[in-house]
1. Which ranges mark the strands (runs of 3 or more DSSP E) fully within region B:289-397 that have 1 or more residues being at negative phi and within 14 Å of chain A (Cβ to nearest Cβ)?
2. How many residues, within region B:63-85, are within 19 Å of the chain's Cα centre (by Cα) and either assigned to a helix (DSSP H, G or I) or more than 18 Å from A:Arg100 (Cβ to Cβ) (or both)?
3. Has region A:113-126 got at least one residue that is within 8 Å of another protein chain (Cβ to nearest Cβ) and assigned to a helix (DSSP H, G or I)?
4. Going by the conditions given, is B:Leu343 touching a residue at least 24 places away in the same chain (Cβ under 8 Å) and under 22 Å from the mean Cα position of the chain (by Cα)?
5. If you scan region B:64-96, which residues turn out to be within 13 Å of another protein chain (Cβ to nearest Cβ) and in contact with a Lys or Arg (Cβ under 6 Å, 6 or more places away or on another chain)?
6. Restricting to region B:67-77, name every residue that is open to solvent by 60 Å² or more (accessible area, probe 1.4 Å) and free of Cβ contacts under 8 Å to residues at least 60 places away in the same chain.
7. For residues in region B:452-491 being open to solvent by 30 Å² or more (accessible area, probe 1.4 Å) and of a type in the set (Ser, Thr, Tyr), which is nearest to the chain's Cα centre (by Cα)?
8. Within region A:101-112, which residues are open to solvent by less than 30 Å² (accessible area, probe 1.4 Å) and assigned to a loop (DSSP other than H, G, I, E, B)?
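The values are calculated or read from the model by the stated rules, or taken from the named source; none is laboratory data. This is a predicted model, so every value here is computed, not measured. All Cβ positions, glycine included, derive from the backbone under ideal geometry; neighbour counts span all protein chains shown. Side chains are part of the model used for accessible areas, which takes the heavy atoms of the whole protein and leaves out ligands, DNA and RNA. Shrake-Rupley method; radii C 1.70, N 1.55, O 1.52, S 1.80 Å.
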Amino acid sequence: MILPKTDTPGAKEALVNRFIDRLLAAETRETQQRFLASLAYIDGECMARYRAAFVYLPAESQTEFLKLIAYPHSLVTWGEKLAEFEGPAHFENLKSWISRAYYNSEIGMKELGWSGNVFHDDLEGCPHPPETHK
Amino acid sequence: MSQEALSQKYDAIVVGSGATGGWAAKRLAEAGMKVALLEAGRNISPEEFTEHMPAYKLEYRNLSPEIVRTRPIQKMCYACMEYNYDWFVDDLQNPYSSPPDKPFTWQRLRIVGGRTLVWGRQSYRLSDLDFKAASLDGYGADWPFSYKDIAPYYDLVEGYVGISGMTEGNEALPDGQFLPPMKMTCGEVLLRERVKAKFGRTVTIGRTAILTKNHNGRAACHYCGPCERGCSTFSYFSSPFTTVADALKTGNCTLITNAVVSQVDMDSKENRARGVTYIDRLTRKTYQASGRTVILCAQALESTRILFNSKTREYPAGLANSSGLLGRFLMDHAVGAGASAELPDMEFKKSASDPNRPNGIYVIRFRNLKAGPRHPRFIRGYGFQGGAAPNYAFGAEGFGASYKNAVKKGVYGIHLGGFGESLARLDNYCEIDPALKDAWGIPALRISMTHGSNEAAMMEDAAVTAAEMLEAAGARNITLNAKLAMPGMAIHELGTARMGDDPKKSVLNAYNQAHDVKNLFVFDGACFVSSGCQNPTLTMMAITVRACDHLVERFKKNEV
């Protein structure tokens, strides 16, 4: 859901899940635990809100929940300081793994226009005459 | 322990094959001296270059956790990655210590070419604003030579290496023998124009050891981007394929790899260096190489470590340390402060297939110039490295199609990062840690360094001036960083065996010769008296050639 198939393939097509499994298997225990803690947090919050783990939720609920944690939260409301909300940090943690794995895959590199061409005659540089940038 | 003496006696034993060792080997071998070039690491082959290999071809897509295990310190360097981490030292085999309240990060390569394989390639001259800084503001010591003494050697080194850049006629940063400059982006041109108009400061293209046209048998850059993974066209300067290759071509130079030098051997009666002892990195067997001169080019801290480990009855505090100043005055440029932002009005379209310029822009020092004014809170000055270009917005908010589109669309980013002078201070030093040895049993260093209040004030000013310059270019969402990074992060370690005319106040003379031992030399960054704010490698190479020419002259007259 973080990097879906659009007119180009998404994370699922790039087999990002398998790669993250492989990468995490070689990672330190600390990093593994941080990743698992973020997954557990999401399921825990979904259980509390929807009485089901994330993966069993209907698509609308999944989107609704992700929207809640996908953006930074202000922790001040009407001048009152609120308790820390952990959702965004866990979301960012998982998203960064998925994003890095995807954009470093062949599918992800092609998504960004990678063509394998590594020889360029010259740089383009600024083509404009002097003093014309505003 | 079994020991074996090499049968040949060399004219010069050069320890280290990086920027300075490569030049020493070339210059001395071309002058007819018989040189042994000792390198602690293995040899390198262009076949292991990976600059054109996409990340997905790597086992862990350049996210390898192996680096975390064996290179927890090395990985702090941006250039240490899954592609090339094997070039960096294994931190478990190469320990050092620092006091808990004085963290220091030390990035090292042990391989033919050393850090020239992965260096940032920025190449700037120092000026008399640096060499004679003490005369100007009363702090520290002047260098034992002036800009005019070193200028011909800058010319010579630049002519051979190939430095691309723009001439600016700025006294604080002398122009050199430049190849055509790399082109600036629209955002950089805008910044250059606005900053000149509003503040009178100069934003120029980075002066870099990358060829913009074919030069000395090497091809012009093809703008693939990641130089730190190697260059199959040898377009950026690295010693194995230039200076070291030239030295070997003379037939006068023998390259000995995997030679971990533990000490300089002394002839106490004659007060002369006899050669060096080294341990084979792989077999752990000990060898002795004998030479008429010994030249340390191992990197500032490593060369000083060898001198400490070479103590004798005559030199109980470390070889060439009658001044007591060996290990003292360690410097590393103050970095970490600056500003970044976006240029929202810039039109652009980014593709991963675009040419990738391996160079940025540079803001020439504008604080505490000779003509004044003096800044009230700090002495000396700083420059900036930076750039303005479209980037992918991997950090974009949200998820789903909107995130995917935002990443691809990108943002036009602009940033400036300060590089400030690190003052030479007696209380910034390295010494031998009596409780720590490396994997070859060689006593390791304890490094004790902090940046002081001058560096802190300077970096705070750098953050503010960076922001005001970005603002002048119309940037939005400006983020300031006014904090100093930990010492070592600039990877510009300098000092610890400084030059000077007075043997009581310095370790080396003006030609890098130890005051105490006439046939012992240190050519690398250890000799620096002050750090300037410029990236030091070009100066280290010019100093090396100057010292080599002096050595050759004396050697021919039998005076060393």
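1. So the answer is B:361-363, B:382-391.
2. Residues in region B:63-85 being within 19 Å of the chain's Cα centre (by Cα) and either assigned to a helix (DSSP H, G or I) or more than 18 Å from A:Arg100 (Cβ to Cβ) (or both): 8 in total.
3. no
4. no
5. B:Ile67, B:Tyr83
6. B:Arg69, B:Lys75 - these are the residues of region B:67-77 that are open to solvent by 60 Å² or more (accessible area, probe 1.4 Å) and free of Cβ contacts under 8 Å to residues at least 60 places away in the same chain.
7. B:Ser453
8. Selection gives A:Ser105, A:Leu112.
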